[in-house]
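Note sheet for the following structure.
Every read-out reported here was derived from the displayed coordinates using simple, explicitly stated rules and does not represent laboratory data. Predicted model only: the values in this text are computed from it and were never measured. Here the Cβ positions follow ideal geometry from the backbone for every residue, glycine too, while neighbour counts run over all protein chains shown.
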Amino acid sequence: MGSSPAMAYDINSYKDGAVHAYSYGTNTRVAVSDTKQDGHPVYVNYKRETSTELYTLWNKSGNGTTITSASAGAIYVIQACVSIDGWPDSCDSKRE
């Protein structure tokens, strides 16, 4: 008997109608979309099965744009975030 393929699942995270972060299918890439015309950059925090490190992918390109990570180990945790200058950011202390 051959081995069965790995179970794939879709991961989605949203925040304040301003950001959509997701990983679909084999979950080897994460994407972050800016979904609100508010002038604030958005980002996603994520973890891969191959590391204990918390990664961050920024999208500073504005409303209607999506940034996608390189392909690597499967992603299992994501958190969509909005960066507002001068305001506390509950998503991450590693702000740019």
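Suppose R0 equals 25 Å. What FRET efficiency, 1/(1 + (r/R0)^6) with r the Cβ-Cβ distance, do residue 72 and residue 16 give to the nearest 0.05? Calculated value: 0.35. Averaging the sequence gap over all C-alpha pairs within less than 8 Å and six or more residues apart, then dividing by the number of residues, gives the stretch 21-89 a relative contact order of 39 percent.
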